[in-house]
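Engineer: This is the structure I want to talk about, given as structure tokens.
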Amino acid sequence: MKEQLAKIQAEALSAIAQAASPAALEELRVRCLGKKGELTAILKQMGRLSPQERPAMGQLANDVRAAIEEALERAKKDLHAKALEARLQAETVDVTIPGRAVETGRRHPMYIALDEIKDIFVGMGFDILDGPEVELAEYNFDRLNAEEGHPSRDWSDTFYFDADSRVMLRSQTSPMQVRAMDSRKPPIRIIAPGRVYRKDEVDATHSPMFHQVEGMVIDKGVTMADLKGTLNMMVEQLYGKGTVTRFRPHHFPFTEPSCEMDVQCHKCGGAGCATCKGEGWIELLGAGMIHPRVLEMAGIDPEVWSGWAFGMGLERTAMRRFRIADLRLIFENDMRFLEQF
Ligand code: DAH
């Protein structure tokens, strides 16, 4: 029995020393010390020993058990330490490697220009309105005095959703004038920026989607002088003091009189160059005194109230503000372009 115990101990200790994983150790523990293990099997034979032999053999069996338990415990700790060491090695952080730069976003040049425009008008007491891009032809045309047959209603210019030409992508932000008149009582001071859509081919100055900012004032005793004064002030704040403008007569169905406002070319100072196509001036917006019929259709008495309105192209404004030569740059989202602002 003594030899058997010594053999169990020797075999167990050598197997434990070779065990490569916690699972292997557990298997050994069960095999040596478990209920059906080798040591237990020996202890069951103790009954056969004489009472004199028993204490010494019992003591020996306990020593063997303790030795195996201790070896298991030590091996377990060693394995654990090795695993930790391996993990630390594998997960070493090299703090000398240069970090990956975080790319911060920035505002799009067109929205920088829009923010400036908003600031200018908010500073003069205007509210900023937002409205639908899918619009009723009633608001985009009829209520703006552009009746059936008006050339701008043509299918070749406008994106319609239905065969009756009643629902469309707005071709201008001017329907926001109607929405403002319907939802507010005069005096009214609003600007309404947003996207508009027309069937244009893409080139350096055209896009089927672009942005406008609509502006409108309705009050008592409002005149064309207020319109010119306000727009001149906006232009000076946007482009710098002393920027020269001119107002040319024009026609829009919803204003009378109507005009277009040009800004003197920033490149040539009015002499004529490639940027202004030899004109010396760059067209910036359409404007005018709100047509009495437009006020009437909104239930506003033109004998009491008068108003002016304007609609400006936002891309064009930003292009002039940041001296951008090609409209397509605004929409392409090329980082090399956008990073410059
Ligand atoms: N909606 C016009 C356009 O897209 C621009 C315009 C002209 C707006 C005169 C106005 C205005 O508010 O009074 O060409």
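The numbers here are math on the coordinates, done by the rules we state, and not lab data. This one's a predicted model, so the numbers in the text were calculated from it and none came from an experiment. Neighbour counts are summed over all protein chains in view; Cβ atoms, including those assigned to glycine, are modelled from backbone coordinates with ideal geometry.
Engineer: Give a residue-ordered list of calculated ³J(HN,Hα) values for segment 84-96 (Karplus: 6.51 cos²θ - 1.76 cosθ + 1.60, θ = phi - 60°; whole Hz; x for Gly, Pro).
Structural biologist: Karplus-based 3J(HN,Hα) across segment 84-96 equals 5, 4, 4, 5, 4, 4, 5, 9, 4, 9, 8, 6, 8 Hz.
Engineer: Provide the net charge surrounding Pro302, with neighbours chosen by a C-beta distance below 10 Å and charges set as Lys +1, Arg +1, Asp -1, Glu -1.
Structural biologist: So the surrounding residues net to -2.
Engineer: Diagonalise the Cα gyration tensor of segment 273-337 and give the resulting equivalent ellipsoid semi-axes, square root of 5 times each eigenvalue, largest first, whole Å.
Structural biologist: Values for segment 273-337, descending: 37, 16, 7 Å.
Engineer: Considering the Cα trace of segment 226-341, what is its radius of gyration and what is Dmax, both in angstroms?
Structural biologist: Expressed in Å, the Cα Rg and Dmax of segment 226-341 come to 17.0, 55.
Engineer: Calculate the radius of gyration of the Cα atoms of segment 38-111 to one decimal place, then report Dmax, the largest Cα-Cα distance, as a whole number, both in Å.
Structural biologist: Over segment 38-111's Cα set, Rg and Dmax evaluate to 31.0, 103 Å.
Engineer: Taking the convex hull of the alpha carbon atoms in segment 1-130, what volume per residue do you get, in Å³?
Structural biologist: On the way: hull volume 33.3 nm³, N = 130.
Dividing the Cα hull volume of segment 1-130 by its residue count gives 256 Å³.
Engineer: So what's the angle, to the nearest 10 degrees on a 0 to 90 scale, between helix 224-239 and the longest Cα principal axis of the chain?
Structural biologist: For helix 224-239, the angle is close to 40 degrees.
Engineer: On to the next question. To make sure I understand the rule: partners must be lysines, Cα under 28 Å from the Cα of Lys44, and not fewer than 8 residues away in the same chain. Which ones qualify?
Structural biologist: Partners found: Lys2, Lys7, Lys35, Lys36.
Engineer: On to the next question. At a Förster radius of 51 Å, what calculated FRET efficiency corresponds to the Cβ-Cβ distance of Lys199 and Ala83, to the nearest 0.05?
Structural biologist: That pair, Lys199 with Ala83, gives E of 0.15.
Engineer: Say each of Glu138 and Ala24 gets a label point 7 Å from the Cα, pointing the same way as Cα to Cβ; how far apart are those two points in nm?
Structural biologist: Label-label distance for Glu138 and Ala24, simple model: 8.4 nm.
Engineer: Let me ask you something else. Per DSSP helix of 4 or more residues, -39500 (n - 2.57); summed, then divided by the residues of the chain. What does that give at 222 nm, rounded to the nearest 500?
Structural biologist: -13000 deg cm²/dmol
Engineer: Over all pairs of distinct alpha carbons, what does the Kirkwood formula give as the hydrodynamic radius of the chain, in Å?
Structural biologist: 27.0 Å
Engineer: Which distance in nm do the two modelled labels at Thr92 and Asn62 give, with both placed 7 Å along the Cα-to-Cβ direction?
Structural biologist: For the pair Thr92/Asn62, the computed spacing is 4.9 nm.
Engineer: For the chain, which cysteines have no disulfide-compatible partner, meaning no other cysteine Cβ under 4.7 Å?
Structural biologist: Lone cysteines by the Cβ rule: Cys32, Cys259.
Engineer: Which angle between 0 and 90 degrees, to the nearest 10, do you get for helix 22-33 versus the longest principal axis of the chain when only C-alpha atoms count?
Structural biologist: 30 degrees
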